[in-house]
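Structure first, then comments.
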Amino acid sequence: MGEEPPRGTGLSAVKTRARLVLSAACLGWALSGCASTPPDEDPVQIKLKDLDTRLARIERVMANKSLLDVSNQLEALSSDVRAMHNDVDQLSNSLESSRKQQRDMYADLDQRLKNLEARGSAAAAAASAAPAAGAATAAGAPAAAAGGATDSGEDKSSYQAAFNLLKDGQYDRAIVAFQKFLATYPDSSLADNAQYWLGEAYYVNRAYPDAEAAFQRVVDKYPQSRKLGDALLKIGFCRYETKQWQSAREVLGQVVARFTDTPAARLAQQRLDKMSAEKH
């Protein structure tokens, strides 16, 4: 029979092996626990990653030039629209003021035309017939020799043709027709009326210096004309339109003083009141 190993030596070896197995198992468990439970991330690192993500997103937007261009164009268009609205408001106010002024002028002209027509053809017929006999007696020659031709009624026809153009709103043609009448029939009894309506045609066309000159000729050449008060009124209106405030006031005041209780005086006073309201 072989010899048995010492008892003490065998037991110690077994214990040693058991401890090694237990240590290996514990190490395995520890490693397994570390792998299944990740360590907590650093909050600073989380914040930095979030900032990096947001910055990258902003950089992508900023890099998109088309979006920036569209934004700039929209802002420019908005500014243009605001400016256009302002211009439209100003133009609307100016247009309304101009329309009111034209309505006033047309109403005044229409009233004068009605007044002239109301005085009728009887006065015109008498005016065209009377000068023929007087001119023949005084000069010992036909009236046509003086350039008037009033005895034939041609001046009346020419005057009426020019007047019809004025009534129809053909102001440029009326101006030419009245000028031709005055050149052809300077001694006609209708010459003062023709001179006045020439001024009206200029006035409606807003040719205020020409209109004032035409009306002034009525005052200077035909001081006994029934159109004298109306001519002075329109001289005042022309000076108002050309912003000659003091001169306009003087002429309109003269109309009020000299032609009391006439339509011309009432219109002159209305314009004076308007000038006072406008502080002119």
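The values are calculated or read from the model by the stated rules, or taken from the named source; none is laboratory data. No experiment lies behind these values; they were computed from the predicted model shown. Cβ: placed from backbone, ideal geometry, glycine included. Neighbour counts: every protein chain shown. What goes into the accessible areas is simple: the full protein's heavy atoms, side chains included, and nothing from ligands, DNA or RNA. Shrake-Rupley method; radii C 1.70, N 1.55, O 1.52, S 1.80 Å.
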Practice prompt. Give the residues of the range 170-181 that are open to solvent by 30 Å² or more (accessible area, probe 1.4 Å) and within 30 Å of Ser247 (Cβ to Cβ), sorted by residue number.
Written response: Tyr171, Asp172, Val176, Gln179
Worksheet entry | Meets criteria (buried (at least 17 other Cβ atoms within 10 Å of the Cβ), β-branched (Val, Ile, Thr) and free of Cβ contacts under 8 Å to residues at least 40 places away in the same chain) for Val255 | yes
Worksheet entry | Boolean, Ala264 is surrounded by 20 or more Cβ atoms within 10 Å (Cβ to Cβ) and touching a Gly at 6+ places or on another chain (Cβ under 7 Å) | yes
Discussion item. Condition first: open to solvent by less than 10 Å² (accessible area, probe 1.4 Å) and within 13 Å of Leu233 (Cα to Cα). Now tell me which residues in the range 191-214 satisfy that.
Written reply: Tyr196, Gly199, Glu200, Tyr203, Ala211, Ala214
Response to the item:
Taking the range 229-245 and keeping only residues that are of a type in the set (A, V, I, L, M, F, W, C) and surrounded by 17 or more Cβ atoms within 10 Å (Cβ to Cβ), one is left with Ala231, Leu232, Leu233, Ile235, Phe237, Cys238
Worksheet entry | Only listed residue being in contact with a helix residue (DSSP H, G or I) (Cβ under 7 Å, 6 or more places away or on another chain), open to solvent by 70 Å² or more (accessible area, probe 1.4 Å) and within 28 Å of Phe178 (Cα to Cα), chosen from Arg217, Arg226 | Arg217
Worksheet item: Looking at (1) touching a Cys at 6+ places or on another chain (Cβ under 9 Å); (2) open to solvent by 20 Å² or more (accessible area, probe 1.4 Å), can you tell me which one Ala248 breaks?
Response: (2)
